[in-house]
Amino acid sequence: MKIEKIDGEDKKVKFIVEDTSPSMMNAVRRISMNHIPVLAIEDVGIIQNSSPVFDETIAQRLGQVPLVFDSEKFDVKENCDCEEGCSNCEAKFTLKGQGPGKIYSGDLTCETGDVEILYDKIPIAELDDDQEVELEATAIISTGKDHSKHQAAISSYQYYPIIDIDNEELTKKQKKKCVEVCPREVLEIKNDKLKVKDEMKCTLCKECTEEVGSGIVVAGDEEKFIFKVESICSLDPKEVLEKTAEILEEKVERVIEKLS
Ligand SMILES: [Zn+2]
């Protein structure tokens, strides 16, 4: 398998993978999204809420706050020895705010579990004079399979485009039409010839081939893919992919074990 990184920011990465299969790409996509354990706020106990925001809305907003946690330290409750929850399987927070002003994610205080808030400016509620919010919250480890708030990343892949143009078969008008109908500006005309300007932008929509019938063929390479990962948790995309590889390996080992 050959991998080439072509684009990368803080939370997003795009790369080309060669010598692999659609099923492998799909496994990586699904594991990276739904099988990496992520800590998120699950239970919220409202002690006081005189803000205009409903209790459930506050709880829902808190559930979406990305938390920075040590994945070596935390484990899912089912694997923990405790009965009622402990600092190895959950983290406790408190939040207290008084108006006038806004309450942000950064106002959460971690009481047990050594967890930090990744983005501290996520608005939770706006308070007028003499309005108040006080609550306790518990975060647990789970995966995107259970709830989207535990989802680690948004991942997708597409077949690498193969665009084959036969300029002899295309009229001048058809070439112009191909350039016009492409929604991603993949094609261009140079010296009266239809050419590929940027194949990476092609989404295999085939608007061009449908327009002219023949003379241009667009297909997806079944062994080469463009893969995108955007982390929506505290891990960076590289860590998301490392975790994905670890989990995939464990799953394969489990299958081999069961077969033998
Ligand atoms: Zn525990």
Selected residue (criterion: farthest from Glu242 (Cα to Cα)) from residues of segment 106-119 that are more than 16 Å from the ligand (Cβ to nearest atom) and in contact with a Leu (Cβ under 8 Å, 6 or more places away or on another chain): Asp107
Condition broken by Ser71, with the remaining ones in (1) modelled with pLDDT under 95; (2) touching a strand residue (DSSP E or B) at 6+ places or on another chain (Cβ under 7 Å); (3) more than 17 Å from Ser105 (Cα to Cα) satisfied: (2)
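The values are calculated or read from the model by the stated rules, or taken from the named source; none is laboratory data. Since this is a predicted model, take the numbers as computed values, not measurements. With ideal geometry, Cβ positions are generated from the backbone for all residues, glycine too; neighbour counts draw on all protein chains shown.
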